[in-house]
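The values are calculated or read from the model by the stated rules, or taken from the named source; none is laboratory data. Note that the coordinates shown come from a computational prediction; the quantities given were computed from them, not determined experimentally. Here Cβ is always computed from backbone atoms with ideal geometry, including for glycine, and neighbour counts include all displayed protein chains. Each accessible area value is taken on the protein alone, full model and side chains, heavy atoms only, with ligands, DNA and RNA left out. Shrake-Rupley method; radii C 1.70, N 1.55, O 1.52, S 1.80 Å.
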Amino acid sequence: MDLCLIFELAKTVISNKFDLVLHRPQDFQTHIMKPWFGAVWGDLTTLPSSKKSSQTVSIIDALQSCISKFVNGEYTTGLFLTKADYSQDWFIQCLQYPHVIIKSSPINQTDQYGDRKPESHATYILFYLGTNPSLFCASFCQVGFIPGINSWSAVITNEVHQPLYDEKSNVSSNYHSNSQSSTLMSEEDPPLSVGDDGFDFSHWTNNLS
């Protein structure tokens, strides 16, 4: 992951300048109890998952501050980078807001003897708190995967669909070649709720209330 590229793209979502930049654990320690304002950038990737001392800000503490300060109107826009950890409740909370899963390259590692270890991947997401998710999506869709934009997004209907695979005939079924009742979404389905900029973010906005 090119952090400099991500940071520069993040500036295109705002007015090209962040009012508060939180890059290091010390930055969070200094500002977590102070008011935030304007546009905020936060790198949560270096924070520990648990509080180790009174002088340490954990990722849970930082995330709680990021969201609560936004909900309370302390700042207007925030972009926050974190490593993906689907086993943690705090990370699942990040997925409730507009986010991009950033494409990453393998990390080459060597052991203490200089031998190469198997390549490992670190997955990152950047989530957005603000009122212009369309601009966020436009800025980051080329460097990652955004649900509903360039990766799959669920459409829930009340229809009963045929299975993708018919065990009896040993043939994969085709939703779109069958009748309208077997399509994923019919023309009669109600339109999605959209915001002022035409982008559907009602479920994200609801999480902020």
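Observations
- Filter result (open to solvent by 10 Å² or more (accessible area, probe 1.4 Å) and of a type outside the set (K, R)) within segment 79-96: A84, D85, Y86, S87, Q88, D89, W90, I92, Q93, L95, Q96
- For segment 73-84, a residue qualifies if it is part of a loop (DSSP other than H, G, I, E, B) and in contact (Cβ under 8 Å) with a residue 24 or more places away in the chain, and the qualifying residues are E74, Y75, T76, A84.
- Subset of segment 114-125 (residues that are outside any loop (DSSP other than H, G, I, E, B) and either modelled with pLDDT of 95 or more or open to solvent by 60 Å² or more (accessible area, probe 1.4 Å) (or both)): R116
- Helices (runs of 4 or more DSSP H) enclosed by segment 1-72 - at least 1 residues per element that are surrounded by 14 or more Cβ atoms within 10 Å (Cβ to Cβ) and among the β-branched types (V, I, T): 3-13, 59-71
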